[in-house]
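Coordinate-derived values only; no laboratory data. Predicted, not measured: the structure shown is a model, and the values here were computed from it. All Cβ positions, glycine included, derive from the backbone under ideal geometry; neighbour counts span all protein chains shown.
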Amino acid sequence: MLHLGIDIDGTITAQDTFVPYLNEAFSLSITLEDIKEYDLTKLLNISAEEFWEWMNENEPRIYREALLAEYAKQTLDELKDHCRLIYITARRHHLKDITFDWFRKNGVHYDDIELVGGHDKLEAVLKHGVDVFFEDHHGNATMIAKEANIPVLLFNTPYNQLPTDSNIVRVNSWLEAADWLKNNRKALETAKGM
């Protein structure tokens, strides 16, 4: 079985999940298109400390109410019988119960969920023997593609437009991701020695 490493926020959840909460809290009227980088402090004109204070207060609610990305569940349901689905997220450990509850509530299959508590997912990727990673964060995608030497499917967003290397494949939807995986499955299985 291929081992798929999958980010949660902005990958299986809708990329604009945070937008209404930011608009409400900071009296803004932004859209996803206005978010040009992953670090939101510049857009919000606040310090990192103020941002994390807001996150500590709002993260549980945001993650509990997050909507699925279009076609994510359908695609994951199609993959679950012939791939291990391993979710590796930067979410912090105190959000474990909320995260597992969200998966159950939304009927999203998982073989494992690992909350690494930061953006360095490499150790978890190597531990789980991940063959392909699904990500929306440019820095994470670059590190995983380079250090683990595996393909990373980077879900295209306004905030991840920096140049990419050859192990990173931009996709615009879960349907494109599924097509890429289908078209490259044999090569991936051969590389894994299956």
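A compact table of results
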quantity: Fraction of beta bridges assigned by DSSP in the chain that are antiparallel (%, nearest 5); calculated: 5
quantity: Amide H contacts under 5 Å for residue 155, placed H, 5+ residues apart; calculated: 135, 136, 171
quantity: Cut-off of 10 Å, at most 14 other beta carbons, DSSP loop: longest stretch of the chain lacking such GluC sites (Glu not before Pro); calculated: 71-194
quantity: Theoretical FRET efficiency, 1/(1+(r/R0)^6), r = Cβ-Cβ of residue 48 and residue 97, R0 25 Å, to 0.05; calculated: 0.45
quantity: Flagged links, alpha-carbon separation over 24 Å, of 80/192; 80/105; 121/146; 36/73; 42/127; 146/186; calculated: 36/73; 42/127
quantity: Cβ-placed point charges (K, R +1; D, E -1), dipole of the range 1-83 about Cα centre in debye, nearest 20; calculated: 140
quantity: Around residue 164: net Lys/Arg minus Asp/Glu count, Cβ-Cβ under 13 Å; calculated: -1
quantity: Debye log10 I(q)/I(0) at q = 0.08, 0.11, 0.12, 0.13 Å⁻¹ for the chain, Cα point scatterers; calculated: -0.25, -0.48, -0.58, -0.68
quantity: Overall form of the range 19-65 per C-alpha gyration tensor (a/c, 1.5; a/b vs b/c); calculated: oblate
quantity: GNM result for the chain, Cα springs below 10 Å: residue of 153, 28, 76 fluctuating most strongly; calculated: 28
quantity: Residue with peak Gaussian network fluctuation, the chain [Cα springs, cutoff 10 Å], from 154, 68, 44; calculated: 44
quantity: Magnitude of the charge dipole, the chain, Cβ model with Lys/Arg +1 and Asp/Glu -1, debye to 20; calculated: 620
quantity: Residue among 90, 25, 72 with the largest mean-square fluctuation in a Gaussian network model of the chain, springs linking Cα atoms under 10 Å; calculated: 25
quantity: The chain - mean residue ellipticity at 222 nm from DSSP helices (-39,500 (n - 2.57) per run, n ≥ 4, rounded to 500); calculated: -13000 deg cm²/dmol
